[in-house]
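As structure tokens, the structure follows; a few thoughts come after it.
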Amino acid sequence: IKNDGTIIVNSDAFDVKNLKLANYDNNPLDDDSLSGYHVFEVPITSLTANALEGLPLSPKEVSRCKNFFALGLMYWLYDRPLQNTEEWIKSKFKKKPEYVEANSKALQAGHKFGEMTEIFTTRYKVEPAKLPKGIYKNISGNEATALGFLAASVKSGLPLFLGSYPITPASEILQFISNYKNFGAKTFQAEDEIAGITSAIGASFAGHLAITTTSGPGLALKTEAIGLAVMTELPIVVINVQRGGPSTGLPTKTEQADLLQAVYGRNGEAPVCVLAARTPRDCFNMAIEASRIALKYMTPVILLTDGYLANGSEPWRIPHVDEITEIKVDFRKDPEGFYPYSRDENLARPWAIPGTPNLEHRIGGLEKSNIYGNVSYDPDNHDKMVKLRTQKVKNIRNDIPDLKIDGEQSGELLVLGWGGTYGTIKEAVAKANNAGLNVSQAHLHYINPLPKNTEAVLNNYKKVLIPEINLGQLARLIRGEFLIRVEQLNIVRGLPLKVNDILEKITELLGGGNGK
């Protein structure tokens, strides 16, 4: 909470027992530790109990209703209606009418307390968000990812196959997709990470939209098989829901420390396309985009999300299927002039499904001869194939949008981010600009390859700041690619970055002045 902020506390909870559980030696309501804030003490527990007196609930059940009392008070403070929450309570507890009555009464009691008390001198007005018309639902990153691949399956005309080994925090994607067998989706819960990805490679060879899900430790186990997909040039998507590491690390916490593993973590020269989602609902769009690129370029794609996005949620307008672009897929059927490692204008090799007459061919992890696909140890051929596979991934930059700038197109400072830091960076930049500083924001969806205009964008600013929940992995990529100086903000606590941390760094870099 920023200095001079408002804190509303349940004063009933600050008893000896709870203070001891919280490791407080003294009651912070009685000393000066909260003197920098506006503190309002409200006996929420006892007020809730009074409001629910006479209802057939146990003391424990009554106590649980205090959150709705607090919510009702907040609705009064921010001048928001109770109706939507009252309807939600009726839907949530429809099988428990006594809970509907209790929670509704607690909500109304909190609102009424706000009306009657005189401790608050200020109220706030929050206007309803202006959203495009449509049907909305609250969606988590994992659910959005699952629905995105189901949509890609429909728009490509390919059956979806997910081969996966359960791992926190990615397991929900497997659970979500398994509920959509009516869409032709197939799920395979494998015995380990390696079996999960190799089953996906097999499904891709057989003509499916093939994906596999994992988190950091699982991505490490999948690396050899990702190299196999690079060598066979088959389209698969690997979804890595990042968590705290290394090793088992922090399974339920978020981090951005798998970026270099995604870009480089394979033996040999094994380039793959790497994308990153930035909000829970953005996971839907990036799942479709990852599928499009994999299928068009016959290449593995790694889609990075993280625990914060996976478990976070936000309103999402459900798109009509006609709003989603078709994904063109051309299976090779004509044997005339067929060679398994010939290439189209995108450097993609033909996708010939096993069983297609006269299109029998060899794939595998051994190097293949250019065009013909025979096993080859020829030095010049290996050099050529390594460069062809690399150039194919580089060519994707011609098929992706330019890096977009939010704010002035040139100036003192650009804050460059990727992944789940988007919202925090956006708020910090907005606060900096409101304070008179000259700051712009750019956020990367495409990390390998980077958008074509990335270098030009970065050179338009005197300073570039890259905040990350790692020790500077994107910063290393940017320095290595463009030989420019970037400033870093790296905090790795298993938690999202804080707005104030970024804002303080912005102020430090601009010398506390207005930067104009």
If a residue has to be exposed (fewer than 13 other Cβ atoms within 10 Å of the Cβ) and within 17 Å of residue 295 (Cβ to Cβ) to count, how many in the stretch 340-385 make the cut?
2
Quick check on residue 248: is it assigned to a strand (DSSP E or B), touching a residue at least 24 places away in the same chain (Cβ under 8 Å) and within 26 Å of residue 312 (Cβ to Cβ)?
no
Which of the residues belonging to the stretch 323-359 are in a loop (DSSP other than H, G, I, E, B) and aromatic (Phe, Trp, Tyr)?
338, 339
Tell me, yes or no, whether the stretch 86-99 has at least one residue that is of a type in the set (S, T, N, Q) and over 29 Å from residue 497 (Cα atoms).
yes
Tell me, yes or no, whether the stretch 255-271 has at least one residue that is at negative phi, of a type in the set (A, V, I, L, M, F, W, C), in contact with a Ser or Thr (Cβ under 6 Å, 6 or more places away or on another chain) and not in a loop (DSSP other than H, G, I, E, B).
no
Exclusive hit being surrounded by fewer than 16 Cβ atoms within 10 Å (Cβ to Cβ) and among the charged types (D, E, K, R), set 330, 282
330
State which residue is farthest from the chain's Cα centre (by Cα) when the search covers only the stretch 117-145 and only residues that are of a type in the set (Gly, Ala, Ser) and modelled with pLDDT of 90 or more.
134
Please find, among 255, 233, 224, the residue that is farther than 20 Å from residue 166 by Cα and either touching an Asp or Glu at 6+ places or on another chain (Cβ under 6 Å) or in the same structural domain as residue 278 (by TED's automatic domain parsing) (or both).
233
For the stretch 143-162, what are the residues that are among the hydrophobic types (A, V, I, L, M, F, W, C), over 15 Å from residue 321 (Cβ atoms) and in a helix (DSSP H, G or I)?
144, 146
Can you tell me which residue is modelled with the highest pLDDT among those in the stretch 305-336 that are more than 30 Å from residue 349 (Cβ to Cβ) and among the charged types (D, E, K, R)?
306
Just checking, which of 101, 115 is more than 26 Å from residue 40 (Cα to Cα) and of a type in the set (D, E, K, R)?
101
For the stretch 452-516, list the helices (runs of 4 or more DSSP H) that sit wholly inside it and hold at least 3 residues that are surrounded by fewer than 18 Cβ atoms within 10 Å (Cβ to Cβ) and among the acidic types (Asp, Glu); which are they?
499-509
Give the residues of the stretch 1-56 that are over 22 Å from residue 123 (Cβ atoms), exposed (fewer than 15 other Cβ atoms within 10 Å of the Cβ) and polar (S, T, N, Q), sorted by residue number.
18, 23, 26, 27, 33, 35, 46, 50
Restricting attention to the stretch 78-91, the residues that are of a type outside the set (S, T, N, Q), surrounded by 12 or more Cβ atoms within 10 Å (Cβ to Cβ) and at pLDDT 95 or above number exactly 4
Across the stretch 360-381, the tally of residues that are part of a loop (DSSP other than H, G, I, E, B), touching a residue at least 60 places away in the same chain (Cβ under 8 Å) and touching a Lys or Arg at 6+ places or on another chain (Cβ under 9 Å) stands at 0
Of the numbered conditions (1) in a strand (DSSP E or B); (2) more than 19 Å from the chain's Cα centre (by Cα); (3) under 27 Å from residue 351 (Cβ atoms), residue 447 fails exactly one; give the number of that condition.
(2)
Is it the case, given these coordinates, that residue 199 is polar (S, T, N, Q), touching a Phe, Trp or Tyr at 6+ places or on another chain (Cβ under 8 Å) and either under 24 Å from residue 367 (Cα atoms) or in the same structural domain as residue 496 (by TED's automatic domain parsing) (or both)?
yes
Out of (1) within 29 Å of residue 242 (Cβ to Cβ); (2) among the aliphatic types (A, V, I, L, M); (3) not assigned by TED's automatic domain parsing to the domain that holds residue 157, what's the single condition that is false for residue 309?
(3)
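The values are calculated or read from the model by the stated rules, or taken from the named source; none is laboratory data. It should be emphasised that the depicted structure is a prediction, and the values quoted were computed from it without experimental measurement. Note: ideal-geometry Cβ built from the backbone for every residue, glycine included; neighbour counts use all protein chains shown.
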